[in-house]
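Here the structure is laid out as structure tokens; the discussion comes afterwards.
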Amino acid sequence: MSTQPVTRPAVVVLPAEIDATNASDVRALLAAAARPGVQVVIADMTGTVFCDTSGVRAFVLAHQRAASDGTELRLLRPCVNVMRVLELTGLDQMLTIRHTLADAMLP
């Protein structure tokens, strides 16, 4: 009988602002968290109050890369302002969004 190792989700705490100055860093952090064996990467947005189109692009690219590796990207607690950006761009339909860490950690 073969068993797969169970790994906990990787949690990445994102900065207060995600814009052109740091979006590539955010994308790199999310990519690094999606190491072999990790099935879920949680992007903790608890302290994130701003996200521009560079951040949106970073999430799209991180989602695509994670999906190609068999990993799921989940966003945790985007604030009202960031949630509005996600809704306007349709990312709220593409990405998994959770409002509690307990929910984000569920399989």
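The values are calculated or read from the model by the stated rules, or taken from the named source; none is laboratory data. Bear in mind that the values here come from a model prediction, so they are computed numbers and not experimental data. So basically every Cβ, Gly included, is an ideal-geometry build from the backbone, and we count neighbours across all protein chains shown.
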Could you check, for the stretch 22-31, whether at least one of its residues is closer than 20 Å to Met94 by Cβ, surrounded by 21 or more Cβ atoms within 10 Å (Cβ to Cβ) and among the β-branched types (Val, Ile, Thr)? yes
Failed criterion for Leu88 (all others in (1) surrounded by fewer than 15 Cβ atoms within 10 Å (Cβ to Cβ); (2) in a loop (DSSP other than H, G, I, E, B) hold): (2)
Hey, Asn81 hits all of (1) touching a residue at least 24 places away in the same chain (Cβ under 8 Å); (2) surrounded by 14 or more Cβ atoms within 10 Å (Cβ to Cβ); (3) more than 18 Å from Leu30 (Cα to Cα) but one; which does it fall short on? (2)
Residue pairs, Cβ under 6 Å, 6 or more apart or interchain, first in the stretch 35-64 and polar (S, T, N, Q), second part of a helix (DSSP H, G or I) and at pLDDT 95 or above. List them. Thr48/Val82; Ser54/Ala23
Residues in the stretch 91-107 that are in a helix (DSSP H, G or I), within 13 Å of the chain's Cα centre (by Cα) and either closer than 18 Å to Ala23 by Cα or of a type in the set (D, E, K, R) (or both): how many? 2
Considering only the stretch 10-36, state which residues are assigned to a loop (DSSP other than H, G, I, E, B) and either at pLDDT below 95 or among the hydrophobic types (A, V, I, L, M, F, W, C) (or both). Leu14, Ala16, Ala20, Ala34, Arg35, Pro36
Please count how many residues of the stretch 64-78 are crowded, with 21+ Cβ neighbours inside 10 Å and assigned to a loop (DSSP other than H, G, I, E, B). 2
